[in-house]
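Contents: one structure, followed by commentary.
The values are calculated or read from the model by the stated rules, or taken from the named source; none is laboratory data. These numbers were taken from a predicted model, which means no experiment stands behind them. We place every Cβ from the backbone using ideal geometry, glycine too, and count neighbours over all the protein chains shown.
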Amino acid sequence: MSRIAYVNGQYLPHRMAHVHIEDRGYQFADGVYEVVTVSSGKLIDEAGHLDRLWRSLGELKIAAPMKREPLKFVMREVIRRNSIFDGIIYMQVTRGVAPRDHPFPDNTAPALVMTAKRLSIPKAAKKAEEGVSVITLPDIRWARRDIKSVSLLPNILAKQEAKDKGAYEAFMVDDAGMVTEGSSTNAWIVDQDGKIITRETSNSILAGITRAALLRELEEKGLEVEIRNFSVDELQNAREVFLTSSTSYVLPVVKVDDHVIGNGHPGSISLNLRGIYQDFMTSGS
């Protein structure tokens, strides 16, 4: 857990970090967030995360809390004060504090909070070696999933159902029977011909930063990826399945609902892609 948090201009001990009860993030989920991986002391894909943060703010018409360079300084200071070598930094921006009313308040300063925590690299590596299981659930979220909003209740319900069923993640399915994404991840399959497939970005899914980085790396290596929607049937009968996120990197999936994927062990393509992404992280790109 973060020992030092940043709250609206102050670095505070975590136990003393508070926001106002009329912060619109608390009352309306009127805010956005980003999670950036820290690996060997380096921020991974920082520019991509900040680009997405600014896009989310723009879509909700929330002013940026500060310019990018000062924000980058605060990020590094939070990492330094918490002695993070491998971990994550979490930042959240809300519309700010105002008397409770649905319309946007006038002249309200946005609120910024930031925390950091360590991650267990050995534990993450073990998951990759063994693979994880996922379940499928109906996608009940709102129609603007491209915005990284703090309004995550449907995601939380999906993640909890996965946990209750002994699974790592829940892949959500739209009304047409097509897989959208995980509750906190992007979904990928490898078909029986060895073709890598992932859904196209739109308002239906979040444009994952890890997803984008992996796509760039694969393009540079001349590896073909098919960008299209895929069904639950394709998912359950895929040669390989994996997911991507800032904290999971590239993580093989060995079971979907009651269907064992492949031979029940992480596939060679998924493991190769994980290695490609880890090389990207090590390169400091």
Exercise. Evaluate segment 227-240: report whether one residue or more is in contact with a Lys or Arg (Cβ under 8 Å, 6 or more places away or on another chain), outside the structural domain of Glu59 (by TED's automatic domain parsing) and over 18 Å from Asp139 (Cβ atoms).
Key: yes
Exercise. Go through (1) in a loop (DSSP other than H, G, I, E, B); (2) in the same structural domain as Leu53 (by TED's automatic domain parsing); (3) among the polar types (S, T, N, Q); (4) touching a residue at least 12 places away in the same chain (Cβ under 8 Å) one by one and return the number of the condition Thr115 breaks.
Key: (1)
Quiz item: Do we have any residue at all in segment 258-266 that's in contact with a Pro (Cβ under 6 Å, 6 or more places away or on another chain), crowded, with 18+ Cβ neighbours inside 10 Å and not in a helix (DSSP H, G or I)?
Solution: yes
Quiz prompt | segment 52-87 - residue that is touching a residue at least 60 places away in the same chain (Cβ under 8 Å) and crowded, with 20+ Cβ neighbours inside 10 Å and, of those, farthest from Arg145 (Cα to Cα) | solution = Asn82
Quiz item: Taking only pairs six or more apart or across chains, which ones have beta-carbon atoms under 8 Å, a first residue in segment 4-17 that is under 9 Å from Thr115 (Cβ atoms) and in contact (Cβ under 8 Å) with a residue 12 or more places away in the chain, and a second residue that is surrounded by 16 or more Cβ atoms within 10 Å (Cβ to Cβ) and hydroxyl-bearing (Ser, Thr, Tyr)?
Solution: Ala5/Thr115; Tyr6/Thr115; His14/Ser2; His14/Thr115; Ala17/Thr115
Quiz item: Before we move on, is Arg211 surrounded by 18 or more Cβ atoms within 10 Å (Cβ to Cβ), in contact with a Phe, Trp or Tyr (Cβ under 7 Å, 6 or more places away or on another chain), modelled with pLDDT of 95 or more and of a type outside the set (A, V, I, L, M, F, W, C)?
Solution: no
Quiz item: Is it fair to say Arg239 is surrounded by 14 or more Cβ atoms within 10 Å (Cβ to Cβ), at pLDDT 95 or above and either in contact with a helix residue (DSSP H, G or I) (Cβ under 8 Å, 6 or more places away or on another chain) or not acidic (Asp, Glu) (or both)?
Solution: yes
Quiz item: When you go through Thr180, Thr136 one by one, which is the residue that is of a type in the set (S, T, N, Q), crowded, with 16+ Cβ neighbours inside 10 Å, within 21 Å of Asn229 (Cα to Cα) and over 16 Å from the mean Cα position of the chain (by Cα)?
Solution: Thr136
Exercise. Determine the pairs where a residue that is buried (at least 17 other Cβ atoms within 10 Å of the Cβ), located within segment 154-173, has a partner that is at pLDDT below 95 and outside any loop (DSSP other than H, G, I, E, B) with Cβ atoms under 8 Å apart, the partner being 6 or more residues away or on another chain.
Key: Tyr168/Lys127
Self-check item: Tally of residues being among the aliphatic types (A, V, I, L, M) and over 21 Å from Val36 (Cα atoms) across segment 235-280
Solution: 10
Exercise. Please indicate, with yes or no, whether at least one residue in segment 70-84 is in contact with a His (Cβ under 7 Å, 6 or more places away or on another chain) and hydrophobic (A, V, I, L, M, F, W, C).
Key: no
Quiz prompt | All strands (runs of 3 or more DSSP E) inside segment 3-96 with 1 or more residues being under 19 Å from the mean Cα position of the chain (by Cα) and within 23 Å of Ser120 (Cα to Cα) | solution = 31-39, 87-94
